1. Limited to the stretch 307-353, what total is found for residues that are without any contact (Cβ under 8 Å) to a residue 60 or more places away in the chain and not in a loop (DSSP other than H, G, I, E, B)?
2. Residues to consider are ARG273, ARG268; find the one that is at pLDDT 90 or above and among the charged types (D, E, K, R).
3. Could you check the stretch 87-101 and list, in sequence order, the residues that are assigned to a helix (DSSP H, G or I) and surrounded by fewer than 23 Cβ atoms within 10 Å (Cβ to Cβ)?
4. Can you tell me which of LYS222, LYS244, LYS217 is loosely packed, with under 14 Cβ neighbours inside 10 Å and either over 13 Å from HIS318 (Cα atoms) or in contact (Cβ under 8 Å) with a residue 24 or more places away in the chain (or both)?
5. Based on what the data block shows, is GLY163 of a type outside the set (D, E, K, R), surrounded by fewer than 18 Cβ atoms within 10 Å (Cβ to Cβ) and at positive phi?
6. Checking the structure you have, find out if any residue of the stretch 200-222 is among the charged types (D, E, K, R), within 19 Å of LEU97 (Cα to Cα) and in contact with a helix residue (DSSP H, G or I) (Cβ under 8 Å, 6 or more places away or on another chain).
7. Out of the stretch 52-70, which residues are in contact (Cβ under 8 Å) with a residue 24 or more places away in the chain and not in a loop (DSSP other than H, G, I, E, B)?
8. Is one or more of the residues making up the stretch 13-24 in contact with a Lys or Arg (Cβ under 7 Å, 6 or more places away or on another chain) and outside any loop (DSSP other than H, G, I, E, B)?
Amino acid sequence: MYLKNWAQNVTFKGHVASPEDNDELSEVILEADKIHAFGARNSFNTINDSVSTHVDMIKFKSIVISNTPPMCPTVKVGAGVTLAELSIELNLAGYALPNLPTLSHITVVGACTTSSHGSGSCCLSTFVSGIDIVDYNGNINSYDAIQNPDIFDGLIISFGSLGIVSSITLNIIPRYDMTQTVYTGLNLLTYLNNFEKIMFKTAYSVSCFTDLDFDVKQVWVKDKIHDDCVDVPLTFFGAAKQLKQMHPSNMDPTECTTQMGIPGSWHRRLPLRGLHESSLWGASTELQSEFFVAADVATEAIQHLTTIRDEFKQALIHCEIRTVSLDTLWLSPACNRRSVTIHFSWINDIVQANKSIKIVTEALKTFEPRPHWGKLFTYTKRELESMYPKLERFNDIKNMLDPFDKFSNKFFDTYIAQEIN
């Protein structure tokens with residue numbers, strides 16, 4: 001029986017190894033021809049596939065918190081640790097992450113190496129301050145921002161193509177409490193006319209779910225609590241506060257984190273879905289794609305999509321709009337530009353989804369979008385090269401750290417790899 005990804009649209013046919021520690025991982029690497037690691041298998045494409053050997057890193061469960069002033073407190077996380085597991089440990093110790101992706105059952109390393117952004121101002125990858133990569137010889141190489149400033153920003157979002165990431169170190173902050181409130185019925189024109197204020201200036205994080213028709217169906221507003229003061233308004237730019245649990249796809253709302261402005265810890269408000277070590281829903285009922293556009297053209301892009309929604313609405317479950325601060329990570333979709341993400345949840349029909357993704361991709365072309373690496377897209381290698389100026393430099397590092405292409409796969413060869421002159 002072959003393993004599949006969460007959406008069941010990718011089948012992993014290679015041999016699966018499950019090493020217990022770094023020594024066993026080194027042995028597996030030395031014996032393999034081609035090898036690639038996976039964690040929760042949450043990606044929607046073949047980014048973590050391998051024709052030869054897969055490494056399931058689920059047994060790498062170490063969590064080590066360090067606080068040695070004047071250095072920033074950090075946590076070193078094994079590659080098998082999920083966001084749920086880490087969040088619970090950090091909160092108990094009085095710490096937090098500034099950001100969490102939507103799902104809590106995915107691994108921390110997987111989220112960081114594929115640029116998952118979630119709810120908060122910055123991509124989670126931007127808080128990585130150290131990374132341990134096991135190379136083609138089975139040796140552990142440790143990198144950090146201080147010792148390796150010239151290349152460190154190119155090592156984090158690397159999809160496992162440089163070696164097997166056995167652990168990462170994240171900067172952490174003191175724990176905090178939050179509220180989460182869902183508002184419904186925000187007029188789309190009101191939303192677009194007040195876009196900058198709504199998305200960037202009203203709260204810690206704002207997520208907007210829409211069908212791209214006449215209104216924003218749901219606005220999820222997450223905000224930090226300061227000085228024990230909780231002030232949750234009954235309306236939000238004309239949208240009404242909901243006094244019951246909501247789900248963006250009108251599914252069972254008990255699957256979602258607590259809303260209604262009820263105060264709670266950061267790790268029980270930032271994710272959209274609750275803290276579960278494995279997916280509560282089994283296989284995903286949807287396929288996903290996501291496009292990062294520069295914030296200053298976001299309203300034009302969204303408005304343009306509303307004019308062509310009839311061409312893809314049959315495959316659309318919903319569209320989610322969020323924001324991501326600019327960063328300096330070489331392969332981050334938010335590299336050097338403040339971004340707005342336009343996420344699409346599609347019905348789990350790969351033919352219909354791909355047809356719709358092509359339509360959306362063509363419609364957004366003039367807005368210079370960048371795709372989420374772990375979701376479905378139809379761009380060519382040449383198109384991706386124009387989006388990422390440091391892609392050539394990344395390939396230089398790849399050739400240096402993995403000269404025999406042991407960690408390459410079809411995805412990397414198709415979209416990232418450049419010919420060696």
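1. Looking only at that region, the number is 11.
2. Numbers: ARG273 fails: at pLDDT 90 or above.
Testing whether each residue is at pLDDT 90 or above and among the charged types (D, E, K, R) leaves just ARG268.
3. At the first step, the residues of the stretch 87-101 found to be assigned to a helix (DSSP H, G or I) are 87-92.
Once the filter is applied, which keeps residues that are assigned to a helix (DSSP H, G or I) and surrounded by fewer than 23 Cβ atoms within 10 Å (Cβ to Cβ), the stretch 87-101 yields ILE88, GLU89, ASN91, LEU92.
4. LYS244
5. Considered against the rule, which asks whether it is of a type outside the set (D, E, K, R), surrounded by fewer than 18 Cβ atoms within 10 Å (Cβ to Cβ) and at positive phi, GLY163 comes out as no.
6. no
7. THR53, HIS54, VAL55, ASP56, ILE63, ILE65 - these are the residues of the stretch 52-70 that are in contact (Cβ under 8 Å) with a residue 24 or more places away in the chain and not in a loop (DSSP other than H, G, I, E, B).
8. no
The values are calculated or read from the model by the stated rules, or taken from the named source; none is laboratory data. If you're wondering where the values come from, they're calculated on a predicted model, not measured in any experiment. Neighbour counts are summed over all protein chains in view; Cβ atoms, including those assigned to glycine, are modelled from backbone coordinates with ideal geometry.
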